[in-house]
Amino acid sequence: MAYGAGWSSPARCRYATVADWVYKHPTIINPNVASSSSAPMCATGNSGGSAAIAYAAYEYRLDSELAMIEPTSGPVMSRIDQGCSPCSSSVQGNVCPGSNNNPNLCYESADATIIDEAYQSPGASSPTPCTDARNGNPGLDSSALLLSDSILYAGGNHTVAMPNTTLKILFADNDSSNAVAEGTVFEGLVLPSSSSPTPPYACLAGVQHDIPSFSIGAQTIANDIIQYCK
């Protein structure tokens, strides 16, 4: 399970590197199984963890190794350029009917600050490309920079083909962050395997952003992995 916000350019390859190693060394993980008959590799992660998994599956092409992924509350880095834009400029309709979700793609101020840190040297407090763009003062070429670091870095309506990976996304009805909006963009452009549920997402009532911390969230994730990790 990936859980957290270590998504930045130098760091987001770390999860992909570990996942790839696990996939290629099944007998080290479990000496009791033959490498030719190892179990399928599946992954789930919440919020920043959902982004780590999506980067691994798409940008690092681990979709050939990941039999099933379940991003929850995200992926929150689907379109960083739109997240780092004024809240009034990027509105995404909610997929969860009757929810209390924020329809805007923009990040909260605190989250924008975290994104800024990915572009700063250790101990520095600048530059602040996400915060500046979010406040309506984008730097030169900042939109292109932020798009290039997004999961959906091709932009526009470019679809993402992952024919070998079953996809299931969980959203929380009471998530007030931009996670549902960003996750909706991802869900709308990904073409997963035919074994994915239709639609490839579900909304959990009475649950907030930290889905695994709620009993219904944790149980739903467990049930989904049992059902789809094949």
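Just for the range 203-223: of the residues that are under 17 Å from the mean Cα position of the chain (by Cα) and among the aliphatic types (A, V, I, L, M), which one is nearest to Cys96 (Cα to Cα)?
The qualifying residue nearest to Cys96 (Cα to Cα) is Ile211.
Can you name the residue in the range 176-230 that is among the polar types (S, T, N, Q) and part of a helix (DSSP H, G or I) and is also surrounded by the most Cβ atoms within 10 Å (Cβ to Cβ) among such residues?
So, considering only residues that are among the polar types (S, T, N, Q) and part of a helix (DSSP H, G or I), the one surrounded by the most Cβ atoms within 10 Å (Cβ to Cβ) is Thr184.
Residue check, Asp63 against (1) over 19 Å from Ala181 (Cα atoms); (2) outside any helix (DSSP H, G or I), all met but one. Which one?
Result: Asp63 fails condition (2) only.
Of the residues in the range 146-159, how many are without any contact (Cβ under 8 Å) to a residue 24 or more places away in the chain and either outside any loop (DSSP other than H, G, I, E, B) or farther than 28 Å from Gly188 by Cβ (or both)?
1
Report, ordered by the first and then the second residue, all pairs with beta carbons closer than 7 Å, sequence separation of six or more or different chains, a first member in the range 120-143 that is buried (at least 17 other Cβ atoms within 10 Å of the Cβ), and a second member that is among the aromatic types (Phe, Trp, Tyr) and in a loop (DSSP other than H, G, I, E, B).
Pro129/Tyr119; Cys130/Tyr107; Arg134/Tyr107
Of all residues in the range 165-178, how many are more than 15 Å from Gly217 (Cβ to Cβ) and at pLDDT 95 or above?
Counting residues in the range 165-178 that are more than 15 Å from Gly217 (Cβ to Cβ) and at pLDDT 95 or above gives 3.
Could you say whether any residue in the range 77-84 is within 17 Å of Gln208 (Cα to Cα), part of a loop (DSSP other than H, G, I, E, B), more than 14 Å from the chain's Cα centre (by Cα) and at pLDDT 90 or above?
No, there is no match, as no residue in the range 77-84 is within 17 Å of Gln208 (Cα to Cα), part of a loop (DSSP other than H, G, I, E, B), more than 14 Å from the chain's Cα centre (by Cα) and at pLDDT 90 or above.
Residues that are in a loop (DSSP other than H, G, I, E, B), over 26 Å from Ser142 (Cα atoms) and touching a strand residue (DSSP E or B) at 6+ places or on another chain (Cβ under 8 Å): does the range 25-47 have at least one?
yes
The values are calculated or read from the model by the stated rules, or taken from the named source; none is laboratory data. Quantities reported herein were computed from a predicted structural model and do not represent experimental measurements. Neighbour counts are summed over all protein chains in view; Cβ atoms, including those assigned to glycine, are modelled from backbone coordinates with ideal geometry.
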